[in-house]
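Undergrad: Got a structure here, written out as structure tokens. Questions coming.
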Amino acid sequence: MLHRLLLVASLLSASVASAQTSTPTDFLAPVRSLGRPPVWKPFVGGYYGLDRSGEETRSGGAAFVGVYKDLLPSIVVSARAGRRTSAATAACPA
């Protein structure tokens with residue numbers, strides 16, 4: 001039963017995919033860029049704690065708001081994460 005359901009789903013998805021038409025690409029059209037990421041990035045958070053280890057129960061919490069700036073540009077971090085490794089660097093990672 002599951003095989004039949006998968007077969008029907010794959011046939012339906014194939015028919016939908018073949019019905020899509022591609023629009024011609026205009027190579028002279030200006031490229032719309034998403035821009036650079038913001039330099040200062042905001043963050044918010046909070047926490048709550050409960051201490052019931054003694055005779056009385058104590059509780060407390062806090063909230064925080066702030067901004068931060070990356071130490072390294074995001075392109076450097078992406079390039080390091082996507083680097084190729086050889087046998088020598090795989091045995092001794094940096």
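Undergrad: Any idea which of LEU34, LEU7, LEU2 is surrounded by 10 or more Cβ atoms within 10 Å (Cβ to Cβ) and modelled with pLDDT under 75?
TA: After ruling out the rest, the residue left standing is LEU7.
Undergrad: When you look at LEU72, is it of a type outside the set (D, E, K, R) and at pLDDT 70 or above, yes or no?
TA: Yes: the conditions hold for LEU72.
Undergrad: Separate question: Inspect all residues belonging to region 20-28 and state whether any of them is at pLDDT below 75, among the charged types (D, E, K, R) and assigned to a loop (DSSP other than H, G, I, E, B).
TA: no
The values are calculated or read from the model by the stated rules, or taken from the named source; none is laboratory data. Computed from a prediction, not measured in an experiment: that's the story for all the values here. A quick note on method: Cβ atoms are made from the backbone with ideal geometry, for glycine too, and the neighbour counts reach across all protein chains shown.
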